[in-house]
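Written out below as C-alpha cells is the structure these notes cover.
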Ligand SMILES: Nc1ncnc2c1ncn2[C@@H]1O[C@H](COP(=O)(O)OP(=O)(O)O)[C@@H](O)[C@H]1O
Ligand SMILES: [Mg+2]
C-alpha cells in the first residue's frame with residue numbers, strides 16, 4: 001500500500017480502527033506500540049532554526065503532553081505531526097515523522113490527505129458559522145463519506161460528551177453555544193472522521209475551570225478509542241491526563257532561540273523524579 005492509500009481515504013481510517021484491540025489486556029499491549037515516530041533533527045522557518053533534536057514517539061491509545069516555556073516549539077512540533085507547518089513560508093523539516101511506519105514527509109505523500117486523517121483542536125474554539133449538525137458533518141463530506149450521516153453525527157456528539165446538550169437543537173448555529181460547548185463541538189467535528197491521531201493545542205486555555213475539567217474528563221474517555229497529543233501550559237493538566245510528557249526548553253546559547261527536547265518520560269516519572277536540572281527547575285516554577 002502506498003502512503004497515499006494509507007492516508008487518503010475514509011476506508012483506510014476505518015481499517016486503522018478495526019485493527020485496534022478493544023478490550024483491557026489487549027489495549028494495554030497496543031498502547032505499548034508507537035503509533036507515530038516523530039524524529040525531528042532540525043526544523044527551520046526560513047533561516048531560523050526553531051526546533052532541533054526532538055524525538056517524541058507517540059504511543060497509540062495514550063495521551064502525550066508537550067510542556068515547556070513559551071516559544072520552545074511545542075506548537076511547532078505538534079503541527080509537524082499533521083503537516084500544518086507546510087502553510088508557513090520557509091518551513092523545512094530535517095528528520096521524519098513516521099505514521100504507522102510511513103513517513104508523512106515522504107515524496108509521495110499528499111499533505112491534504114495527512115491532515116484529513118489527523119484531527120486538530122485549537123486554543124480558541126473555532127466552530128464554523130453553520131449549524132451544529134453541519135459542523136460535525138463537515139469533515140465527513142470532505143472525506144466523501146458515503147454512510148449514515150445522522151448516525152455518525154450523533155456518535156461524534158456523544159463521543160464529545162455534547163449530545164445531551166444539543167440533541168434538540170442540531171440546526172442551531174455552532175456559534176450559539178458556550179465556550180466549553182464550542183470546544184466540545186470542535187472535538188466532535190474532529191472525531192467524526194475517526195482520525196488516527198487527535199492533536200490539541202492548549203485546548204482549555206480559553207475555558208473556565210469547570211469547562212476545562214469536562215474537556216479533561218472527555219480526553220480520558222477518548223483515549224480508549226483515539227490517540228491524543230496535547231500542548232498544555234497547565235502542568236496540573238498534564239499530570240491529570242497525560243500518560244507521557246515531553247518537556248521542551250529553549251536553547252539561547254548560540255544567540256538564537258531554538259527549542260529542543262530535554263526529557264520525555266512517563267508522566268508520573270517526569271513529575272516525581274525528573275532527571276534533568278532544567279526539568280527540575282521548570283517544575284519548581286523557576287521560569288515559565
Ligand atoms: N509562523 C511562524 N513563522 C516563523 N516563526 C515561527 C512561526 N511560528 C512559530 N515561530 C517561532 O518558532 C518558535 C517556536 O514557536 P512555537 O512552536 O509557537 O512555541 P510554543 O508553542 O512552545 O510557544 C518560536 O521562536 C516562534 O517565534
Ligand atoms: Mg504554542
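Laboratory data are not the source of any read-out in this text; all were calculated from the coordinates shown. Computed from a prediction, not measured in an experiment: that's the story for all the values here. Cβ sites come from the backbone with ideal geometry, for glycine too, and all protein chains shown count toward neighbours.
Here are the numbers:
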| item | result |
| --- | --- |
| Taking N as its residue count, the alpha carbon Rg of the chain over 2.2 N^0.38 Å | 0.99 |
| For segment 143-288: rounded, prolate or oblate by the Cα gyration tensor [a/c cutoff 1.5] | prolate |
| Choice from 55, 233, 44 showing the highest fluctuation, given a GNM over the chain with Cα pairs closer than 10 Å | 44 |
| Shape metrics for segment 107-182, restricted to C-alpha atoms - Rg then Dmax, Å | 13.5, 47 |
| Helix-derived mean residue ellipticity, 222 nm - over the chain, DSSP H n ≥ 4, -39500 (n - 2.57), to 500 | -10500 deg cm²/dmol |
| Of all DSSP beta bridges in the chain, antiparallel share, percent nearest 5 | 60 |
| Acute angle (nearest 10 degrees) that the helix 179-191 long axis makes with the longest principal axis of the chain, alpha-carbon atoms | 80 |
| Inter-site label distance for residue 206 and residue 224 at 7 Å from Cα along Cβ, in nm | 2.9 |
| Part-to-part distance (alpha-carbon centres) for segment 222-269 and segment 89-163, which is given in Å | 22 |
| Residue among 161, 129, 113 with the largest mean-square fluctuation in a Gaussian network model of the chain, springs linking Cα atoms under 10 Å | 129 |
| Choice from 176, 47, 253 with maximal GNM fluctuation in the chain (Cα, 10 Å cutoff) | 253 |
| Label-point gap, in nm, between residue 126 and residue 86 - each point 7 angstrom along Cα→Cβ | 1.7 |
| Estimated FRET transfer efficiency when R0 is 30 angstrom, pair residue 266-residue 168 (beta carbons, to 0.05) | 0.10 |
| Residue order, fewest to most surrounding Cβ atoms within 10 angstrom, among 80, 171 | 171, 80 |
| Computed label-point distance, nm, for sites residue 176 and residue 243 using a 7 Å Cα→Cβ extension | 4.0 |
